[in-house]
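Worksheet: the structure to be examined is printed underneath.
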There are 2 protein chains.
Amino acid sequence: MLKVIEYDGNLKEIAQKLNNRKEEISIEVNNAVNDIINDIRKNGNQALINYCRKFDGYQIKDENDFVVSNQEKEEALKQVDQDYIRILERTKQQITEFHKNQIDKSWSLYKDNGVIMGQMVRPIERVALYVPGGTAAYPSTVLMNAIPAKLAGVKDLVIITPVKADGKVNPVIVAAAKVSGVDTIYKFGGAQGVAAIANGTETIEKVDKIVGPGNIFVATAKKLSYGVVDIDMVAGPSEVLVIADENANPKYIAADLMSQAEHDKLASAMLVTTSKELAEKVNVELKRQMAYLSRKEIIEESLQNYGGAILVKDLKEAFEVSNYLAPEHLEVLVENPVNTLPYIKNAGSIFLGEYSPEPLGDYMSGTNHVLPTGGTAKFYSALGVYDFVKYSSYSYYPKDVLETFKDDVQTFAKSEGLDAHANSIAVRFEEE
Amino acid sequence: MLKVIEYDGNLKEIAQKLNNRKEEISIEVNNAVNDIINDIRKNGNQALINYCRKFDGYQIKDENDFVVSNQEKEEALKQVDQDYIRILERTKQQITEFHKNQIDKSWSLYKDNGVIMGQMVRPIERVALYVPGGTAAYPSTVLMNAIPAKLAGVKDLVIITPVKADGKVNPVIVAAAKVSGVDTIYKFGGAQGVAAIANGTETIEKVDKIVGPGNIFVATAKKLSYGVVDIDMVAGPSEVLVIADENANPKYIAADLMSQAEHDKLASAMLVTTSKELAEKVNVELKRQMAYLSRKEIIEESLQNYGGAILVKDLKEAFEVSNYLAPEHLEVLVENPVNTLPYIKNAGSIFLGEYSPEPLGDYMSGTNHVLPTGGTAKFYSALGVYDFVKYSSYSYYPKDVLETFKDDVQTFAKSEGLDAHANSIAVRFEEE
């Protein structure tokens, strides 16, 4: 049940507690992963094959067996229900409808004096999407990562994923890859998979960026590869914060809090409300609904440790709390919820009103479900098309315009002790 | 002088050599910085004051002395030439003219079925700009960082910088801060300064992001603080690649290559040309101009180790080379340079034509000079307004539209084993 706390303007302790959920990388894990990376860099394919045998129990046969073959894909797809494929397709449509608005345009300034300046948007050329093996494989996450990448124009989008001991990939992942338009699925994951795709081997082409969730070894390998490739943010345990006034429906609130809590014992579900009565009703509903949910124990533990109901005196305070904690998911269950957007400064994804529950956003609202956690919504964004492009600036100056800057640039360069910089301008105006 | 190499389609060795310039963080530096961070987290102001005395030689008097006072600022400004302030102001104008085009807008979709979805752009609220002390303090870099942050709407933009033993900050930095509209200059830098501003102390408010260049201790402290705060990319040694056809002016090319080479013995300056004759003329010019430049020795060493002239058979090959190496700065000295933009995939900033030399871009072209180095232009962008904002997505669904997704979301959630997710949808359509 939720502990009810009265807001007194100080949330440091709660923020600290949520913050402490972050998994620290131990020296042992760090060193183990570092060794794997060095081995892959040095010994390439053979090292990769050895680690895969050791960790996944599958012996990759030869270099052709690094990739799921067309025949293997067809066999996997036969195991997936047609209605499930239809749902994936519909989800793709929804995600595409939202994310296509994030496609950025190159722009130019054409100035009266002849100067041309601007910024080009270019897709990152080759990107790997990490997909965890086993039960942690979420097809929805494949779509959430792959669709923005495809919209950005990424040419080579590949999946890396650990296989089962029989060499098979989870069929729903094969289906999600197909729906997303990802052709290449590599049969390796773990730290060794990240190392292989970040650095390349004799036969595996290196990528420019790696995205997607993974366990602590995968996260560490990504972190250690940062700079060699780009990586996405490292996600921590999930969280929801629900802002509710006295008219909100406690049944819905309880259900939404638990949908977050079921993810993980470290997940956090918070209610921020102006009504003590509502908080009590939510507690009654939590007890009632929890009884029939399969992940009851996880939910109970997470609500116990990282849940809570914060009582505020008005909605202004409610948004103060929410902006301070910067939740991954924010539900706003108040009158005229759309009108509250101006007060929201820090939140990953915002769900407005009674019929926009957070689980809709996990799948089919169209917004992305890869979001900043643990208060990092203060500086990070939801995953989007912008994560798969980079910008190049350019400038063209005619001689007479450069001349108007000649003296100032030289003075500036010399003041910074850089006389070859000044010389580069000077030589252009020397008498021949 | 530049060694002339014929292009044979293989640049791995050159790329590897450039790549190896990256400074690796030693275990000693890592541990030393880690200790400093832990000490600052635990002991706050007092630890900060101790480190500053130890490393900068200045004894911070009390908590008020953490910040450069108005009187200290006025005294510093008196030492700066009025014409220099005018140049800073003009540079600000140029940078603003370019960067204001990067200001992003929030957007909304209003669908026929009543759904509202969109994306809000929000500034990061509090940002610190690191400015190195001593001779490495570049006022141009203050402008290049501060102006985009201000345009993004960052409310609290502060500078942290190590002071001299007399407690003074370089007057040109005070001037650049004033021109950029930065009010608060903290008198601390180094790893301890980064730790204090990333975590906060009893009196110093933590920031959400830290940007700006620094030595290996600063870079390590930033890297170790990543996740607690956001950081900018870690810049490596600088580089320029010049693409030139047979009609390009060897005098200008030599001057531009040296303006890059003077930065650092590890800087790289490459010529890629269709003309062997041009490469030879550039070498003659390098020798002639080098004679009168103050940083001759650095230039010579950097050209020797990381410079080169790559001969290609046509411009198509030239862009192939450039896209593969993904240079920080790219100069295009060919006929109709603007028309070559479509062929450029990976480059930080592009300088088109004979009168747009790279040093103009370091100061006054308007484009940013904080750029991705060491081939990372394949996935990173020039610093811009987009680095100081974050995006929040939002969605509002009416009941009847949620109902059309009800069954599919439940099926999807259950397939991923998340029945509390399914329950969150189900409770909204139960009979009361």
Picked from segment B:387-432 (must be acidic (Asp, Glu) and in a helix (DSSP H, G or I)), the residue surrounded by the most Cβ atoms within 10 Å (Cβ to Cβ) is B:387
Return the residues of segment A:377-387 that are farther than 23 Å from residue B:126 by Cα and more than 7 Å from chain B (Cβ to nearest Cβ); say none if nothing qualifies.
A:385
Could you name every one of the strands (runs of 3 or more DSSP E) located completely within segment A:56-145 that has at least 3 residues being crowded, with 19+ Cβ neighbours inside 10 Å?
A:116-123, A:126-130
Exactly one condition in (1) under 30 Å from residue B:94 (Cβ atoms); (2) at pLDDT below 95 is false for residue A:108; which is it?
(2)
Condition check for residue B:236: within 9 Å of chain A (Cβ to nearest Cβ) and in contact with a Gly (Cβ under 6 Å, 6 or more places away or on another chain):
yes
All positions within segment A:59-114 that are aromatic (Phe, Trp, Tyr) and at the interface with chain B (Cβ under 9 Å from one of its Cβ atoms)
A:84, A:98, A:107
Kindly indicate the residue of segment A:182-202 that is part of a loop (DSSP other than H, G, I, E, B) and in contact (Cβ under 8 Å) with a residue 60 or more places away in the chain and also nearest to residue A:33 (Cα to Cα) among those meeting that condition.
A:189
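Residues checked against (1) at pLDDT below 90; (2) of a type outside the set (Phe, Trp, Tyr):
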{"site": "B:12", "(1), (2)": "yes, yes"}
{"site": "B:15", "(1), (2)": "yes, yes"}
{"site": "B:24", "(1), (2)": "yes, yes"}
{"site": "B:49", "(1), (2)": "no, yes"}
{"site": "B:66", "(1), (2)": "no, no"}
{"site": "B:79", "(1), (2)": "no, yes"}
{"site": "B:84", "(1), (2)": "no, no"}
Pick from segment B:289-331, criterion in contact (Cβ under 8 Å) with a residue 12 or more places away in the chain and among the basic types (Lys, Arg), ranking: surrounded by the most Cβ atoms within 10 Å (Cβ to Cβ)
B:295
Any residue that is closer than 30 Å to residue A:211 by Cα, among the β-branched types (Val, Ile, Thr) and touching a helix residue (DSSP H, G or I) at 6+ places or on another chain (Cβ under 6 Å) - is there at least one of those in segment A:380-388?
yes
Got a sec? Which helices (runs of 4 or more DSSP H) wholly within segment B:203-309 have at least 1 residues that are of a type in the set (Asp, Glu)?
B:250-261, B:276-290, B:296-306
Checked A:179, A:142 against criteria (in contact with a helix residue (DSSP H, G or I) (Cβ under 7 Å, 6 or more places away or on another chain), in contact (Cβ under 8 Å) with a residue 40 or more places away in the chain and within 12 Å of another protein chain (Cβ to nearest Cβ)); the one match is A:142
Just need a number here: residues in segment B:416-432 that are more than 7 Å from chain A (Cβ to nearest Cβ) and not aliphatic (A, V, I, L, M).
4
Between a first residue in segment B:397-412 that is more than 7 Å from every other protein chain (Cβ to nearest Cβ) and a second residue that is assigned to a helix (DSSP H, G or I) and of a type outside the set (A, V, I, L, M), which pairs have beta carbons less than 7 Å apart while being 6 or more apart in sequence or on different chains?
B:403/B:429; B:406/B:429
Unique match (being modelled with pLDDT under 95 and among the polar types (S, T, N, Q)) among A:322, A:294:
A:294
So in segment B:10-53, with the set limited to residues that are touching a residue at least 60 places away in the same chain (Cβ under 8 Å) and outside any helix (DSSP H, G or I), which one is farthest from residue B:65 (Cα to Cα)?
B:11
Single match in A:223, A:187 (criterion: of a type in the set (D, E, K, R) and over 22 Å from residue A:49 (Cα atoms)):
A:223
Among (1) more than 7 Å from every other protein chain (Cβ to nearest Cβ); (2) outside any helix (DSSP H, G or I) - the single one residue A:319 does not satisfy
(2)
Taking residue A:374 as meeting all but one of (1) touching a Lys or Arg at 6+ places or on another chain (Cβ under 7 Å); (2) at pLDDT below 95; (3) at the interface with another protein chain (Cβ under 7 Å from one of its Cβ atoms), write down the number of the exception.
(3)
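The values are calculated or read from the model by the stated rules, or taken from the named source; none is laboratory data. Everything quoted here is computed from the prediction, not taken from an experiment. Don't worry about glycine lacking a Cβ; one is built from the backbone with ideal geometry, like all the others, and counts go over all protein chains shown.
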